[in-house]
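These notes concern the structure reproduced below.
Every number in this text was worked out from the coordinates using simple rules, so none of it is lab data. Keep in mind it's a predicted model, so treat the numbers as computed, not measured. Cβ placement follows ideal geometry from the backbone for every residue including glycine, while neighbour counts extend to all protein chains displayed.
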Amino acid sequence: MEFDFATPVERRHPSGGDWPSQKWHRYGDDVLPLWVADMDFASPPAVIDALRARVEHGVFGYGLVPDSLRETLCAWSAEHYGWAIEPDWQLWLPGVVPALHMASLALTDPGDGVLTVTPIYPPFLRVAERTGRRPQQAALQAPAAPGEPWWLDLAALEAAITPETRLLLWCHPHNPTGRVWTREELAGLAELVERHDLYVVSDELHCDLLLDEGARHVPLAAAFPELASRTLTLWAPSKTFNLAGLTTACAVIPDAALRRRFAAVVKGLQPDGNVLGLVAAEAAHAHGEPWRQALLAVLRGHRQTLVERVAGWPGVAMSPPDSTYLAWLDLREAQALERLEGAPQRLLLERAGVALSDGADFGWPGFVRLNFGTTAKQLDAALKRLDGVLGG
Ligand SMILES: Cc1ncc(COP(=O)(O)O)c(C=O)c1O
């Protein structure tokens, strides 16, 4: 089946309604936005059809999580990750970021340490402070040479652990570097988590967007069953099927006691399911696979385009992402920016009219994150603008 990933969808001033999006409305009309992590593609036709049928029903009272949705996620997990999960391990929630905060409240006490690695998706850096816990961070190991991978620095992670550390917020695959962690890295992590008796939240939101042909996601709790009783895995259809605005995610918690602790905190602080989001999630998992495969081919092509274009920007380095539609660019040595004052994100916004995410928000100033989840036409237009500023 053919899907259309080529025709730009107007998101700034759509005819028929004023539906502002964060991505397209934060900056002026002359700016091309490649920042916040949603894609410019319409969701799979099967999802849109299911939503249309639900909207036609016309009644939007409180819903329940359908058993059929739980079963589809079990089937998806078994088929794609080889992990047999149970329907009652699933707690459906309005988002992954709220779940990170809820996990901190449920699994730690005031003053406990909440650890993460940097660079990292910015909300990870705020969880500890927002929940009255102590923020703890360890840097990843930066690429040894331009284009080489980022690595987990286990020694740095261990050095950041104190007797107060109770929880590790882990991102697998990793936003912003796009790294898919190797089994060796994860084994080291698992050993450390057990030895220091930590809980882990494994945010696996990008796990259905592994770009290399044949690559298969292995959930942390599946790879290391000994961790399952201390791990809360977060999944959602929002990145893969471009459904973030339908605020629907799932915490998978095999351990009954841990599940009860988490559920007790969630209750009252978060709304019950979004009835449209639940319908979309089920349709995506039940019928979205051909669309996902087509999307992956498009993103693979965009990654290659980016590798070629970045090679023409003297002093700019990028390690090609293993997953998702985000690229993490090192601009600290960018020749074009050398004599200019200001953060690279701001300079590129002002001089190229392209909005990227500022690395400083991820804990690493001097970097930017570029979202290539857009049509080839829009990506090319933005890259031409960047060529004009960063090109040799
Ligand atoms: C790693 C990661 N976690 C969580 C989120 C946000 O999830 P949600 O919209 O469900 O809160 C994002 C969005 O970009 C993300 O990249």
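Note on the chain: percent of Cα-Cα distances in each 10 Å bin, starting at 0 and stopping at the bin with the largest distance, equals 5, 23, 32, 27, 12, 1, 0.
What fraction of the DSSP beta bridges in the chain is antiparallel, stated in percent and rounded to the nearest 5?
On the way: 18 of 40 bridges.
DSSP beta bridges in the chain are roughly 45 percent antiparallel.
A simple spin-label model places the labels of A360 and Q141 3.0 nm from each other, with each point 7 Å out along Cα-to-Cβ. Summary of packing: across the peptides 108-118, 199-209, the per-residue average of other C-beta atoms within 10 Å ranks them, highest first, as 199-209, 108-118.
What the Cα convex hull of the range 199-287 gives, in volume per residue, is 111 Å³.
Calculated mean residue ellipticity at 222 nm for the chain: -11500 deg cm²/dmol, from DSSP H runs with n ≥ 4 weighted as -39500 (n - 2.57), summed, divided by the residue count and rounded to 500.
Determine the gain in length on full extension of the stretch Q293-H196; use 0.36 nm per residue of separation and subtract their C-alpha separation, reporting nm with one decimal.
Details: separation 97, 0.36 × 97 = 34.92 nm, distance 3.96 nm.
Using 0.36 nm per residue and subtracting the Cα-Cα distance, I get 31.0 nm.
Taking only the alpha carbons of the range 60-287, we obtain Rg and Dmax values of 16.9, 55 Å in that order.
Translational diffusion coefficient, Stokes-Einstein: compute it for the range 273-392 using the Kirkwood radius over C-alpha pairs as Rh, at 20 °C and 1.002 mPa s, and state it as an integer in µm² s⁻¹. Spell out each step's value before the answer.
Working: Rh = 15.7 Å.
The estimated diffusion coefficient comes to 136 µm²/s.
Here's the picture: charge each Lys and Arg Cβ at +1 and each Asp and Glu Cβ at -1 in the chain, and of G359, L140, F3 the one pushed furthest to the positive end of that dipole is G359.
Here's the list of aspartates and glutamates a cross-link from K377 could span, going by alpha-carbon distance under 14 Å and ignoring same-chain residues fewer than 8 apart: D4, E10, D40.
Do you know the relative contact order of the chain, to the nearest whole percent, from alpha carbon pairs under 8 angstrom that are 6+ apart?
Details: 738 pairs, mean separation 90.5, N = 392.
Once divided by the residue count of the chain, the mean separation gives 23 percent.
For a modelled paramagnetic label at F3, 7 Å from Cα along Cα-to-Cβ, the residues of the range 281-309 in reach, with backbone nitrogen under 15 Å, are 281-302.
Bridging of K384 to lysines at a Cα separation below 24 Å is possible for K23, once same-chain residues fewer than 8 apart are set aside.
May I ask for the net charge around A37, where only other residues with Cβ less than 10 Å from the Cβ of A37 are counted and Lys, Arg are +1 while Asp, Glu are -1? The partial results should precede the final answer.
On the way: positive: K23, K239, R369; negative: D38.
Summing Lys and Arg as +1 and Asp and Glu as -1 gives +2.
Other residues lying with their Cβ under 12 Å from the Cβ of V279 contribute a combined charge of -1, Lys and Arg counting +1, Asp and Glu -1.
Where q = 0.10, 0.15, 0.16, 0.23 Å⁻¹, what log10 of I(q)/I(0) comes from the Debye formula for the range 112-236, counting one point per Cα? So the normalised log intensities work out to -0.29, -0.66, -0.76, -1.61.
Less than 5 angstrom separates the built amide H of N175 from those of Y121, all sequence-distant by 5 or more or on a different chain.
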